[in-house]
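Take a look at this one; I'll ask things after.
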Amino acid sequence: MRTNPNIVITGTPGVGKTTHAELLARNTGLKHLPINQVAKEHDCHEDWDEELQTWIVDEDKLLDALEPLVAPGGCILDWHACDLFPQRWVDLVVVIRCDSTTLFDRLTARGYSGKKLDENMDAEIMQMLLEEAKEGYDEEIVVELYSEVAEDVEQNVERVEQWIEAWKKAKNEERA
Ligand code: ADP
């Protein structure tokens, strides 16, 4: 049984996943796993999608690479998708959301344009990641948090920290 939870932080690119994951890792000692980086390090990039300017990932290979990292618990899985992570790995799914005007500014600042920009804007407006999370996991473990201004990050991370403490307490009681 895990003594620390595995937490997925997901959402459309630009909503603030990495910002949240880094602060949460700093405050809790949980291990931040930026999945893009794991995929790159383990050679899980299958192909380059020229139109969307993004890597296509070999998901089976990625899951094999992740399994030993995630099995002991205490990981923050930071990615713009979530439904590929097996339910048994995941204790909490945090979906970061953002107002579309804010997101547009963040993505254009990042150099996104054309189809890549449009698709990500549509994904956020249609709350695709929230739906994906609700479909893939028990609704009780899915939380939606907004990330517009700096204080939101602090507050959201604090909320997740409280959740982690409650999770640990419940696990300790189960074990006793
Ligand atoms: P993601 O990992 O989801 O792509 P990032 O964490 O890289 O998103 O954030 C994208 C950009 O938005 C960064 O420049 C980050 O500093 C900024 N940002 C994210 N969340 C907030 C927030 N709550 N307030 C202000 N800026 C934010």
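The values are calculated or read from the model by the stated rules, or taken from the named source; none is laboratory data. Please read all numbers here as calculations on a predicted model, not as lab measurements. All Cβ positions, glycine included, derive from the backbone under ideal geometry; neighbour counts span all protein chains shown.
Give me the pairs: first residue in the stretch 64-88 and charged (D, E, K, R) and part of a loop (DSSP other than H, G, I, E, B), second residue within 16 Å of the ligand (Cβ to nearest atom) and modelled with pLDDT of 95 or more, beta-carbon distance under 8 Å, and six or more apart or on different chains, which are they?
From residues that are charged (D, E, K, R) and part of a loop (DSSP other than H, G, I, E, B), the pairs are Asp83/Glu132; Asp83/Ala133.
If you don't mind, another one. Would you be able to tell me the number of residues in the stretch 1-36 that are within 16 Å of the ligand (Cβ to nearest atom), farther than 18 Å from Pro86 by Cβ and out of contact with any helix residue (DSSP H, G or I) (no Cβ under 7 Å at 6 or more places or on another chain)?
In the first step, residues of the stretch 1-36 are kept if they are within 16 Å of the ligand (Cβ to nearest atom); the result is 7-27, 32-36.
Now narrow it down to the ones that are farther than 18 Å from Pro86 by Cβ: 11-27, 32, 34, 36.
Now drop any that are not out of contact with any helix residue (DSSP H, G or I) (no Cβ under 7 Å at 6 or more places or on another chain), which leaves 17-18, 21-22, 25-26, 36.
Residues meeting the conditions: 7.
Quick check, is Asn120 at pLDDT below 95 and either exposed (fewer than 14 other Cβ atoms within 10 Å of the Cβ) or among the polar types (S, T, N, Q) (or both)?
When the stated conditions are applied, Asn120 does not pass them.
Can you confirm whether the stretch 107-130 contains a residue that is under 14 Å from the mean Cα position of the chain (by Cα) and free of Cβ contacts under 8 Å to residues at least 60 places away in the same chain?
The answer is yes, given that some residue of the stretch 107-130 is under 14 Å from the mean Cα position of the chain (by Cα) and free of Cβ contacts under 8 Å to residues at least 60 places away in the same chain.
Every residue in the stretch 131-153 that is within 16 Å of the ligand (Cβ to nearest atom), within 17 Å of the chain's Cα centre (by Cα), assigned to a helix (DSSP H, G or I) and of a type in the set (D, E, K, R), please.
Selection gives Glu132, Asp152.
Can you tell me which of Leu66, Leu103, Leu62 is within 16 Å of the ligand (Cβ to nearest atom) and at negative phi? I'd like the intermediate steps shown before the answer.
Values: Leu66 fails: within 16 Å of the ligand (Cβ to nearest atom); Leu62 fails: within 16 Å of the ligand (Cβ to nearest atom).
Criteria check complete, one pass: Leu103.
State yes or no: is Val90 surrounded by 13 or more Cβ atoms within 10 Å (Cβ to Cβ), away from the ligand (no atom under 15 Å from the Cβ) and under 14 Å from the mean Cα position of the chain (by Cα)? Show your work before the answer.
Values: surrounded by 13 or more Cβ atoms within 10 Å (Cβ to Cβ): yes; away from the ligand (no atom under 15 Å from the Cβ): yes; under 14 Å from the mean Cα position of the chain (by Cα): yes.
Here the answer is yes, as Val90 does meet what is asked.
If you check Ala65 against the conditions, is it modelled with pLDDT of 95 or more and surrounded by 15 or more Cβ atoms within 10 Å (Cβ to Cβ)? Reasoning before the result, please.
Working: modelled with pLDDT of 95 or more: yes; surrounded by 15 or more Cβ atoms within 10 Å (Cβ to Cβ): yes.
Spelling it out, Ala65 is indeed modelled with pLDDT of 95 or more and surrounded by 15 or more Cβ atoms within 10 Å (Cβ to Cβ).
Give the number of residues within the stretch 154-163 that are more than 10 Å from the ligand (Cβ to nearest atom), surrounded by 18 or more Cβ atoms within 10 Å (Cβ to Cβ) and of a type in the set (S, T, N, Q).
Start the filter on the stretch 154-163 by keeping residues that are more than 10 Å from the ligand (Cβ to nearest atom), which leaves 157-163.
Those left that are additionally surrounded by 18 or more Cβ atoms within 10 Å (Cβ to Cβ): 157, 160.
Within this subset, residues satisfying the condition of being of a type in the set (S, T, N, Q) are none.
So the answer is 0.
Ok, one more. Of the numbered conditions (1) outside any loop (DSSP other than H, G, I, E, B); (2) under 26 Å from Val160 (Cβ atoms); (3) not aromatic (Phe, Trp, Tyr), Ile56 fails exactly one; give the number of that condition.
Among (1) outside any loop (DSSP other than H, G, I, E, B); (2) under 26 Å from Val160 (Cβ atoms); (3) not aromatic (Phe, Trp, Tyr), the lone unmet condition for Ile56 is (2).
Shifting gears a bit: Residues in the stretch 43-54: is at least one in contact (Cβ under 8 Å) with a residue 60 or more places away in the chain, farther than 24 Å from Lys134 by Cβ, within 16 Å of the ligand (Cβ to nearest atom) and among the aliphatic types (A, V, I, L, M)?
Checked the stretch 43-54: at least one residue is in contact (Cβ under 8 Å) with a residue 60 or more places away in the chain, farther than 24 Å from Lys134 by Cβ, within 16 Å of the ligand (Cβ to nearest atom) and among the aliphatic types (A, V, I, L, M).
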